[in-house]
Amino acid sequence: MTDTSMHPVSAMHPVSAASTRPAGSIRRPLCAGLLALTCLLIAGPAAVAQSTAQTGPAPVSPAPVSPERAALEARLSALTTALKGDVCATPDAARALLAAGTPDVAAPAAKSQADKAAGPSQTEIKTNSTPGKPLEKAALVSLLKQAVVLIVAGENSGSGFIVDSNHIVTNNHVIAEADGKPVIVAGVGIGSPREAKIIAHVAEEGPAGRDFAVLQVSGPPLTTKLALTPTVADLQPIVAAGFPGLLITNDVQFHRLMQGDLSATPEIILSQGAVMAIQNRSAGMPTIAHNAPISGGNSGGPLVDACGRVVGINTYIRVASDQGTNAGYALGTEGLLKFLNKVGVSPAVQGGPCE
């Protein structure tokens with residue numbers, strides 16, 4: 001039987017050989033070359049049977065007629081009367097009757113219940129639906145170099161991306177082990193590395209669980225940002241951007257940065273691929289399976305389309321131990337946009353295809 005493991009792609013240190021457990025999905029924080037295993041415990045609620053005593057039918061009193069029902073009945077009566085006569089003899093009256101239209105029959109209480117049912121999870125995502133234009137390769141690379149950052153939080157690290165003049169988005173599990181230590185962000189678009197404040201975060205278990213954090217940086221406004229888009233399709237070309245430890249430890253600039261040289265900025269790692277599947281749409285948290293190579297350290301980094309728009313945030317990988325293969329997963333922007341809206345962060349949002 002194939003053993004698969006689910007790994008947060010969150011650390012930049014060398015990754016030792018992964019051991020696996022035959023226990024289904026596992027999240028593995030990859031820190032300092034160690035594989036700390038934390039099982040995802042998914043416990044279904046116990047079924048509770050509840051019986052209700054049956055009683056005889058109670059007397060039913062006539063229900064009061066609602067104003068909406070009365071308006072409809074009056075409208076029907078007027079139309080019936082008009083049809084019984086000669087509408088051609090009184091065209092003005094007929095036209096006035098038709099122009100009155102049909103009354104709004106939605107009761108206020110029903111509307112209120114519908115609004116409550118929508119709740120925060122159904123927040124409308126307002127977009128500029130003008131189709132985007134694919135960027136030239138050099139322009140896309142330049143944009144990602146400016147807008148994607150390296151995040152160091154205690155012994156852990158990962159990636160993030162700029163969404164406005166002072167906010168950066170990443171995964172919660174990237175910053176979860178900060179333990180009160182400063183969170184540092186570095187990148188071409190940041191200038192000198194800066195300390196960041198965690199202003200909002202959320203962590204949920206499971207493949208469609210939210211795993212987001214928002215960082216706020218002080219200092220000069222950040223000038224380059226990435227727009228988000230809820231538009232994503234199967235087989236769509238994508239690029240994963242970030243600072244995976246598998247590759248970044250070969251970067252001299254990275255070692256200089258870790259030794260305290262604040263002028264050193266490691267090179268961003270870019271990988272290309274395509275969307276393999278869009279899963280969990282019904283859960284309100286689309287999960288994008290893709291084949292762009294990612295590994296520990298890519299967590300929190302963006303998955304972008306050819307227009308440079310974020311379609312998802314890289315969060316974990318699944319590894320098939322007996323097949324020597326893996327797949328990357330990004331949480332779609334639909335859930336991320338709702339989270340950002342709730343915490344008062346308003347990134348640029350663009351809809352429409354990239355063509």
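For the range 213-340, give me the percentage of DSSP beta bridges that are antiparallel, rounded to the nearest 5 percent.
Details: 27 of 28 bridges.
If we restrict to bridges inside the range 213-340, about 95 percent are antiparallel.
For V252 and T223, what does the FRET efficiency come to when R0 = 25 Å and r is the distance between their Cβ atoms, rounded to the nearest 0.05?
Working: r = 27 Å, r/R0 = 1.09.
Computed FRET efficiency for V252 and T223 comes out at 0.40.
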Anisotropy class of the range 142-230 from Cα gyration tensor, a/c 1.5 cut: oblate
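Only the coordinates and a few stated rules stand behind these numbers; no lab work does. As the structure is a computational prediction, the values presented were derived from the model and not from experiment. Every residue, glycine as well, gets a Cβ built from its backbone with ideal geometry; the counts of neighbours run over all protein chains shown.
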